[in-house]
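The values are calculated or read from the model by the stated rules, or taken from the named source; none is laboratory data. Being a predicted model, the structure only gives us computed values, none of them experimental. Reconstructed Cβ throughout: ideal geometry from the backbone, glycine too, with neighbour counts over all protein chains shown. With ligands, DNA and RNA removed, areas are computed over all heavy atoms of the protein, side chains included. Shrake-Rupley method; radii C 1.70, N 1.55, O 1.52, S 1.80 Å.
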Number of protein chains: 2
Amino acid sequence: MAIASIEKLTTQLARLPGVGRKTAQRFAYHLLGVPEEQALELADAIRDVRKNVHPCPICGTYTDLEQCEICSDPKRTEALICVVCDAKDVMAMEKTREFTGRYHVLNGSLSPMNGIGPGDLRINELLQRCDGGQVKEVILATNPDVEGEATATYIARLLKAKGVTATRIAHGVPIGGNLEYTDEVTLAKALEGRRTI
Amino acid sequence: MAIASIEKLTTQLARLPGVGRKTAQRFAYHLLGVPEEQALELADAIRDVRKNVHPCPICGTYTDLEQCEICSDPKRTEALICVVCDAKDVMAMEKTREFTGRYHVLNGSLSPMNGIGPGDLRINELLQRCDGGQVKEVILATNPDVEGEATATYIARLLKAKGVTATRIAHGVPIGGNLEYTDEVTLAKALEGRRTI
């Protein structure tokens with residue numbers, strides 16, 4: 001009763017993040033039910049994205065140009081680099097419209113449990129970018145979890161040795177949040193990071 | 001900042017059932033991050049499934065053969081046809097290992113609200129299959145919702161006119177269920193369908 005092509009497609013779809021076998025099967029039958037062009041459009045979109053898009057050789061965000069738009073933008077200051085774990089985080093940062101420096105994507109965070117050490121991240125590339133003397137400050141915007149904090153601390157130490165200022169994004173109560181429902185670690189961080197108004 | 005290829009892939013992925021823009025974006029970045037072969041394997045699996053798999057001309061389930069395995073199996077009785085809304089439902093039925101007849105997939109259920117009338121379902125094909133006089137009973141296993149019930153009632157009337165017995169699968173308390181948490185409509189159906197033990 002099992003059809004090899006459907007099985008194969010289900011297996012491939014189940015490799016998507018957060019997709020189990022049941023959902024993958026639902027996707028597979030959906031792709032069988034839609035007009036053929038629509039299914040092939042998805043197949044082509046996957047091929048196209050892998051053909052056209054690659055990490056920017058400087059900062060590591062995805063781009064379809066030789067260098068990404070931010071790295072080629074002369075209006076962006078080279079004195080300030082914002083370090084993030086993931087290419088998606090660059091998009092989140094850009095949405096703030098507050099940041100006028102450059103980016104550097106690490107492609108993950110330090111995680112000894114998962115065998116991810118400094119050599120697996122783009123840390124050397126970051127240090128090389130700081131070598132010219134143009135970079136004055138590096139903002140460490142890794143995720144506010146154990147691994148992100150460890151990564152930030154590790155990189156900050158290396159930057160200090162180079163004489164580059166390393167800063168960490170603020171932790172605290174999110175805007176629109178509710179004190180009652182804020183966890184105690186975040187609240188403690190919010191107290192610790194209090195500022196005169 | 002938006003990259004055309006990523007945007008296009010996100011749009012295509014967001015057409016999958018239950019996938020919103022945010023999840024589609026997550027899938028797109030996942031497909032950018034995995035080894036190229038893995039992403040292309042998914043693209044190929046979609047192409048292959050559309051090239052190799054098609055509905056069985058008799059019953060409407062998906063198959064990579066000229067006729068599906070069930071329709072070509074001489075051990076399956078032709079006197080009994082189980083009517084389901086969706087090709088996936090055939091798999092669910094087959095898992096019971098209780099059914100030895102043939103299937104007929106309607107490709108949906110009657111839904112005037114969504115503009116789905118009898119002409120949009122494979123009802124004529126079902127009636128043609130009943131023409132030879134070999135079919136004695138048609139089990140209507142459409143979903144136990146308003147549309148499925150309406151579809152079953154509609155088809156039962158047409159079959160009666162042909163002298164074919166139409167039966168409906170039983171409604172009741174599911175095995176492993178709990179009376180306390182069973183809704184009143186299901187309980188009423190369970191009472192109505194009570195049998196001597």
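Viscosity 1.567 mPa s, temperature 4 °C: what is the translational diffusion coefficient of the range A:114-163 from Stokes-Einstein with a Kirkwood Rh over Cα pairs, rounded to a whole number of µm²/s?
Numbers: Rh = 11.7 Å.
Estimated via Stokes-Einstein, D reaches 111 µm²/s.
Based on the alpha carbon coordinates of the range A:136-175, what radius of gyration and maximum Cα-Cα distance (Dmax) apply, in Å?
10.8, 35
Kindly compute the accessible surface that chains B and A hide from a 1.4 Å probe when together, both sides summed, and give it to the nearest 100 Å².
Details: alone 13970 and 14000 Å², together 22770 Å².
Summing both chains' loss of accessible area gives about 5200 Å².
Are there residues in the range B:48-82 whose accessible area shrinks by at least 50 Å² when all protein chains are included rather than the chain by itself, and which are they (probe 1.4 Å, ligands and nucleic acids not counted)?
Hits at the 50 Å² cut-off: B:VAL49, B:ARG50, B:TYR62.
For a quick check of your reading of the filter: which trypsin sites (Lys or Arg not before Pro) in the range B:1-98 sit in a DSSP loop and have no more than 10 other Cβ atoms within 10 Å? Can you show the working numbers first?
Values: sites: B:LYS8, B:ARG15, B:ARG21, B:LYS22, B:ARG26, B:ARG47, B:ARG50, B:LYS51, B:LYS75, B:ARG76, B:LYS88, B:LYS95, B:ARG97; in loops: B:ARG15, B:LYS75, B:ARG76, B:ARG97.
Loop-located and lightly packed - B:LYS75, B:ARG97.
Determine how many Å³ per residue the convex hull of the Cα atoms of the range B:69-197 encloses.
Values: hull volume 18.7 nm³, N = 129.
Expressed per residue, the convex hull around the Cα atoms of the range B:69-197 is 145 Å³.
Among the residues of chain A, which one places its Cβ closest to the rotation axis that maps chain A onto chain B, and what is that distance in whole Å?
Taking Cβ atoms only, the nearest residue and its distance are A:ALA43, 2.
If all Cα-Cα distances of the range B:46-122 are sorted into 5 Å bins from 0 onward, what percent lands in each bin, rounded to whole numbers?
That works out to 3, 15, 22, 24, 17, 12, 7, 1, 0, in percent per bin.
Please report the Cα spread of the range A:3-151 along all three principal axes, rounded to whole Å, starting with the longest.
60, 37, 26
Hey, how many Å between the Cα centroid of the range A:135-197 and the Cα centroid of the range A:63-133?
Answer, in whole Å: 17.
How far, in nm to one decimal, is B:THR153 from itself in the other copies if the label point is set 7 angstrom along Cα toward Cβ? Shortest first, please.
Once sorted, the set of distances for B:THR153 reads 6.9 nm.
Given the options A:LEU13, A:ILE46, A:SER111, identify the residue whose Cα lies farthest towards the positive end of the charge dipole of chain A (+1 on Cβ of Lys, Arg; -1 on Cβ of Asp, Glu).
A:SER111
Ignoring ligands and nucleic acids, what accessible area does A:LEU16 show with a 1.4 Å probe (Å², nearest 10)?
My reading of the accessible area for A:LEU16 is about 10 Å².
Of A:LYS22/A:LYS95; A:LYS22/B:LYS189; A:LYS160/A:LYS189; A:LYS88/B:LYS51, which pairs sit farther than 31 Å apart, going by alpha carbon to alpha carbon? Don't jump to the answer; show the numbers that get you there.
Values: A:LYS22/A:LYS95 35 Å; A:LYS22/B:LYS189 29 Å; A:LYS160/A:LYS189 23 Å; A:LYS88/B:LYS51 34 Å.
Listed pairs above 31 Å: A:LYS22/A:LYS95; A:LYS88/B:LYS51.
Quote the Stokes-Einstein diffusion coefficient, in whole µm² s⁻¹, for the protein assembly as shown, based on the Kirkwood radius over alpha carbon pairs, a temperature of 25 °C and a viscosity of 0.890 mPa s. Let's see the in-between values first.
Details: Rh = 25.9 Å.
For these conditions, the coefficient is 95 µm²/s.
Can you list the copy-to-copy distances for B:ASP64, using a point 7 angstrom from Cα toward Cβ, in nanometres, shortest first?
3.3
Among B:ASN178, B:THR61, B:SER72, which residue has its Cα furthest toward the positive end of the charge dipole of the range B:54-180, with +1 on Lys/Arg Cβ and -1 on Asp/Glu Cβ?
B:SER72
Nm distances between the label at A:GLU192 and the same-position labels in the remaining copies, 7 Å along Cα→Cβ, shortest first?
In ascending order, 6.4 nm.
Of the heavy-atom accessible surface of the range B:3-98 (probe 1.4 angstrom), what whole percent is carbon and sulfur? Don't skip to the answer; put the middle values down first.
Values: 2320 of 4740 Å².
Percent of accessible area from carbon and sulfur atoms in the range B:3-98: 49.
Ignoring everything except DSSP H segments at least 4 long, calculate the 222 nm mean residue ellipticity for the protein assembly as shown; use -39,500 (n - 2.57) per segment, divide by total residues, nearest 500. Numbers along the way, then the final one.
Numbers: 14 runs with 162 residues, N = 394.
Computed mean residue ellipticity for the protein assembly as shown: -12500 deg cm²/dmol.
Counting only other residues whose beta carbon sits under 14 Å from that of B:VAL138, what net charge do I get with K and R as +1, D and E as -1? Don't jump to the answer; show the numbers that get you there.
Working: positive: B:ARG102, B:ARG122, B:ARG129, B:LYS136, B:ARG157, B:LYS160, B:LYS162, B:ARG168; negative: B:GLU78, B:GLU125, B:ASP131, B:GLU137.
Net of charged neighbours comes to +4.
Taking the Cα atoms of the range B:14-55 alone, what are Rg (to one decimal) and Dmax (as a whole number) in Å?
12.3, 35
Using a 1.4 angstrom probe, figure out how much accessible area the range A:1-147 has per residue, in square angstrom, rounded to the nearest whole. Walk me through the intermediate numbers first.
Numbers: 7440 Å² over 147 residues.
Spelled out: the 1.4 Å probe surface of the range A:1-147, per residue, equals 51 Å².
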